[in-house]
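The values are calculated or read from the model by the stated rules, or taken from the named source; none is laboratory data. Since the model is a prediction, treat every value here as computed from it, not as a measurement. Quick reminder, even Gly has a Cβ in these numbers, built from the backbone with ideal geometry, and neighbours come from all protein chains shown. Note: areas computed on protein heavy atoms with side chains; ligands, DNA, RNA excluded. Shrake-Rupley method; radii C 1.70, N 1.55, O 1.52, S 1.80 Å.
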Amino acid sequence: MTEKNAQLGVSFLDLDAHYAPILPKIREAMERVIAHHQFIMGPEVGSLEAKAAACCGTAHAIAVSSGTDALLVALMALGVEPGDEVIAPTYSFFATAGVIARLGAKPVFVDILPDTFNIDPAAVERAMTKKTKAIIPVHLFGRCADIDTISRIAKARGVRVLEDAAQSLGAEFSRGRKSGSVGDLGATSFFPTKNLGAMGDAGMVFANDEALAARVRLLRVHGSKDRYYHEEVGGNFRLDTLQAAVLEVKLPLLDSWAEGRRRAARRYEGLFRESGALEKAGIVLPASPPSGEEKQHVYNQFVIRTPRRDVLRSHLASQGIQTQVYYPLPLHLQPCFQALGHKKGDFPVAEKASEETLALPIYPEIDEAKQSIVVRAIAKFFA
Ligand SMILES: *Cc1c(COP(=O)(O)O)cnc(C)c1O
């Protein structure tokens, strides 16, 4: 995109606007780390963990090197090994399934629900076998999956639940329970574009069970409690102190940012309704949570559907309006999972979603003027 277009159009994210008010505090926090130079497992890591656990409502939080590593070390702690099956939605970021395969276990893909894009509990039930070790519900785009049904299915069979809360940090199930806090373990990501972004890679594992939390901590440092003595084969899954310091400054603002994202989502809904584009163009807006349950969605993404997604996307790009496609190819059709023997048609809801979904610019600081540019451009394209 040219500079000129960028000024006229709408960028997908605006990290300048996001960081402007907090940068002085972040610099101070980084300076403190530079001064004490405990770059590995410095005091900021522990204090971030305590605050993150309080925020997520879990007994434990273990800071790790990325969201992917959070999922990986969590599956390791749950004892997933070669020969095990792990059920996951076929419509998610690659890491959800990649970590299963990396442990030599088999990703068992299931379809999603068409309205929330989240894992279909009935499909999970059908996919259960004697080899099922765990289920990974993903709270996609920031919208909570049906954790109560998933938990019930899992409990009945003694299967573990790992919540992939990479996109949903701060989102709440019913009765105020936070995403990431209900499964045996929860994993989140602080990738810079997530609702709580670090200045690099970072992640967190959430746990209520003391023994599981201890196992994650052990695996995070090569399975070693006493240095150079190794009880298990783990990895280096530590979070840098510098990233912990950045995240500690940002964490208290997470809820207000979620409010900002929800406000922006309501504005999009209003603007789309006024524009008449919904009927004319057959655009489907993201399903909003039931009334009184608004916190079930933190809108990491605002994802619309249209059968003419690709032409619309090019048209918007030509006007400097940035959009994204999450995700163009479901996991069961990825070349690296060819050996699983899936073919097109196996999971039709996910396949249709990957042809029709378009993520529009959304972030806490986006204003009505920018959102109307987006909606007007879409309405005009279909007029
Ligand atoms: C971002 C993301 C991850 C991985 O997080 P990283 O920090 O990028 O490794 C895993 N699952 C989902 C659903 C994600 O969106």
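Note that the range 288-383 shows a convex hull volume over its alpha carbon atoms of 151 Å³ per residue.
You can think of it this way: the chain between Cys336 and Met41 has 102.7 nm of extra reach, that is 0.36 nm per residue less the Cα-Cα gap. Counting charges near Met30 (Lys, Arg +1; Asp, Glu -1) among other residues having Cβ under 12 Å from its Cβ returns a value of -2.
The residue among Thr132, Thr188, Gly67 whose Cα reaches farthest toward the positive pole of the charge dipole of the chain, with charges on the beta-carbon of Lys, Arg, Asp and Glu, is Thr132. Cα centroid distance between the range 245-262 and the range 292-317, in Å? What the calculation gives is 22 Å, centre to centre. Under 14 Å from a point 7 Å along the Cα-to-Cβ line of Arg263: which residues of the range 348-367 have their amide N that close? Zone members listed by number: 363-367.
For the range 1-139, the average shadow cast by the Cα convex hull is 13.1 nm², which is a quarter of the hull's surface.
Let a ≥ b ≥ c be the square roots of the eigenvalues of the Cα gyration tensor of the range 181-319; is it rounded (a/c under 1.5), or, if not, prolate (a/b larger than b/c) or oblate? In terms of gyration-tensor shape, prolate. For the range 239-383, a crude dipole built from +1 on the beta carbon of Lys and Arg and -1 on the beta carbon of Asp and Glu, taken about the Cα centre, is about 500 debye to the nearest 20.
Computed over protein heavy atoms with a 1.4 Å probe, the carbon and sulfur contribution to the accessible area of the range 1-95 reaches 60%.
What is the percent carbon and sulfur in the accessible area of the range 165-235, measuring with a 1.4 Å probe over the protein chains and ignoring ligands?
Roughly 51 percent of what the probe reaches on the range 165-235 is carbon or sulfur.
Taking one quarter of the surface of the convex hull spanned by the alpha-carbon atoms of the range 57-129 gives a direction-averaged projected area of 5.9 nm². Find which of Ala105, Gly292, Leu340 sits farthest along the positive direction of the dipole of the chain, computed with +1 on the beta-carbon of Lys and Arg, -1 on that of Asp and Glu, about the Cα centre. Result: Leu340, furthest along the dipole toward the positive end. With helices as the sole contributors, the chain gives -12500 deg cm²/dmol at 222 nm; each DSSP H run of n ≥ 4 counts as -39500 (n - 2.57), and the sum is divided by every residue. Pairs over the 23 Å Cα-Cα cut-off, from the set Lys51/Lys194; Lys106/Lys295; Lys133/Lys295; Lys131/Lys155: Lys106/Lys295; Lys133/Lys295. Packing, taken as the mean count of other beta carbons within 10 Å per residue, orders the peptides 144-156, 187-199 from highest to lowest as 187-199, 144-156. Over all pairs of different C-alpha atoms in the range 208-251, the reciprocal of the mean inverse distance, the Kirkwood hydrodynamic radius, equals 11.6 Å. Within the same chain, aspartates and glutamates fewer than 8 places from Lys178 are excluded, and of the rest, those with a Cα less than 18 Å from its Cα are Glu49, Asp146, Asp148, Glu163, Asp164, Asp209, Asp255, Glu259, Glu293, Glu294. Count Lys and Arg as plus one, Asp and Glu as minus one, and take only other residues whose Cβ is under 9 Å from that of Tyr299; the net charge is then +3. The Kirkwood hydrodynamic radius of the range 51-204, based on inverse pair distances between different Cα atoms, is 15.1 Å. Surface exposure of the chain, expressed per residue as accessible area with a 1.4 Å probe, stands at 43 Å². Take the Cβ-Cβ distance between Glu293 and Lys380 as r, set R0 to 35 Å, and report the resulting FRET efficiency rounded to the nearest 0.05. Computed FRET efficiency for Glu293 and Lys380: 0.55.
For the range 13-95, the equivalent ellipsoid built from the Cα gyration tensor has semi-axes of 32, 19, 13 Å, listed from largest to smallest. Each principal axis of the Cα atoms in the range 217-282 has its own extent, and those three values, largest first, are 66, 29, 14 angstrom.
Can you give the net charge of the other residues whose Cβ lies under 13 Å from the Cβ of Glu259, counting K and R as +1 and D and E as -1?
Residues near Glu259 contribute +2 overall.
Shape summary: the chain maps onto an equivalent ellipsoid whose semi-axes, from the alpha-carbon gyration tensor, are 34, 27, 18 Å in decreasing order.
In whole angstrom, the range 246-307 maps to an equivalent ellipsoid with semi-axes of 28, 12, 10, each derived as √(5λ) from the alpha carbon gyration tensor and ordered largest first. Computed with a 1.4 Å probe over protein heavy atoms only, the accessible area of Lys225 comes to about 150 Å².
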